[in-house]
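Derivation of every value follows stated rules applied to the coordinates shown; laboratory data play no part. Computed from a predicted structure; not experimentally measured. Here the Cβ positions follow ideal geometry from the backbone for every residue, glycine too, while neighbour counts run over all protein chains shown.
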Ligand SMILES: *[C@@H]1O[C@H](CO)[C@@H](O)[C@H](O)[C@H]1NC(C)=O
């Protein structure tokens, strides 16, 4: 572990080492099968703190399409008021039936005496005896069904304060900060301008909204982002192609796809910025025609937003710069990746945006074979890396005090293992593809 790197960055995976993960998580998977995409779509779940009366919707991965086999998702939901109780309602519930629900199952537990195992078909309801609830969805290797969509509502001890079903809808909540506004600039904007750092050190991006181009991808009403992305102009988000495919390489449905803009803590509205933090619907997903779901070559996509973003009105929303020069390799430079990905291979997703600093390597990538469309970054001793859920997110370098996105989080052999660099799509190889596929958009200077 390099201690001169002040960003605490490293917990990213060093934690995993001390906490003793099963060894297979760390052993390179040899043969043609070492690649692991850094998306968290199938690893679902998340944490959410509810205001009294607030409601959140959770669903099985891919719902209403069939859920994956051998999958586990865990949601931890807590109501802010310890006197509240939580009520679960699953009007739509289709899990394969098994004796004692030993196969595919949803287990609800309030940490006290109430626990329930659910499987089979038909509406399910459950009321916790406390303000905490853990929902664990597990599937075995046999068979699939449509899955479930459930609401979890905090029942206020002293009567309901009304409900919201969208974690970004708290625009007039008293905890919401007023927007920081810039002087009007007549629609002109600058790319790659980070907001000033107040704190040095720590894995959590600080201050919040430091990287105003960071977005998260999710299906509306799901609790967690499964991939990241970056704002590159007023209409488009840059991300990875593999975010839209399942583990078998099949294209997933884009129904309900949204990007979270101006967000920091994905489970809480308390650091949302009024008029800035929001979910923006995606109108079109444009995937590179040469994308190869087996090798993750050409792992790039752009998302056309349903409404344009104003990149000059608030400092919490802005565009990252793209490289100007497609010959520069960036070898030896330090890059920064940010995302809501897991803190270790197979671990839980943090709710707050994290960042990690990583040196950019040459194309030999410690013996891993990569294509010219890829870039490697990492430490030989491991310990720092991007991980599942960071996919599609930006990897950038600072050039003349502006941030230039040089990579898109793509894949690796697990996360942060020694001698195993993370692989990024090399943005400079796609400059003309990006320009062609974002025609009509306005870029910042
Ligand atoms: C963007 O915001 C600025 C500052 O609030 C405003 O002057 C400008 O008209 C807005 N642009 C658009 C296209 O709405």
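Could you give the length gained on full extension between residue 80 and residue 381, defined as 0.36 nm per residue of separation minus the Cα-Cα distance, in nm? It would help to have the intermediate numbers written out before the result.
On the way: separation 301, 0.36 × 301 = 108.36 nm, distance 4.09 nm.
Between residue 80 and residue 381, full extension yields an extra 104.3 nm.
What spacing in nm lies between the two simple spin-label points modelled at residue 151 and residue 284, each 7 Å away from Cα in the Cβ direction?
Result: 3.5 nm between the two label points.
For 77, 370, what ranking results if the residue with the fewest other Cβ atoms within 10 Å of its Cβ goes first? Please report the intermediate quantities before stating the final value.
Numbers: 77 24, 370 20.
Ascending number of Cβ neighbours within 10 Å: 370, 77.
Please compute the contact order of region 325-404 in relative form: average sequence separation of alpha-carbon pairs under 8 Å and at least six residues apart, divided by the residue count, as a percent.
Working: 124 pairs, mean separation 28.8, N = 80.
So the answer I get is 36 percent.
If each residue's Cβ is checked for other Cβ atoms within 10 Å, how do 137, 93, 395 rank with the fewest at the top?
Numbers: 137 25, 93 22, 395 29.
Lowest to highest Cβ neighbour count: 93, 137, 395.
So for region 63-162, what percent of the C-alpha to C-alpha distances run longer than 21 Å?
34
Calculate the length of the line joining the C-alpha centroid of region 243-299 to that of region 307-326, in whole Å.
Distance between centres, Cα-based: 17 Å.
Please work out how much length the chain gains when fully extended from residue 432 to residue 362, using 0.36 nm per residue of separation minus the C-alpha to C-alpha distance, in nm with one decimal.
22.9 nm
Give, as ranges by residue number, the residues of region 232-267 whose backbone N falls under 18 Å from the point 7 Å along Cα→Cβ of residue 220.
Zone members listed by number: 253-262.
Two decimals is fine: what is log10 I(q)/I(0) at q = 0.13 Å⁻¹ for region 291-445, from a Debye sum with one equal scatterer on every Cα and no solvent?
Values returned for q = 0.13 Å⁻¹ are -0.61.
Based only on other Cβ atoms within 10 Å, what is the fewest-to-most ordering of 314, 209, 242? Before the final figure, lay out the partial values.
Numbers: 314 21, 209 26, 242 30.
Neighbour counts put them in this order, fewest first: 314, 209, 242.
Classify region 301-365 as rounded, prolate or oblate, taking a ≥ b ≥ c as the square roots of the eigenvalues of its Cα gyration tensor: rounded when a/c is under 1.5, otherwise prolate if a/b is larger than b/c and oblate if not. Walk me through the intermediate numbers first.
Details: a/c = 2.09, a/b = 1.15, b/c = 1.82.
Judged from the Cα gyration tensor, region 301-365 comes out oblate (a/c at least 1.5, b/c at or above a/b).
Quick check: pseudo-label points 7 Å beyond the Cα along Cα→Cβ at residue 439 and residue 248, how many nm apart are they?
3.7
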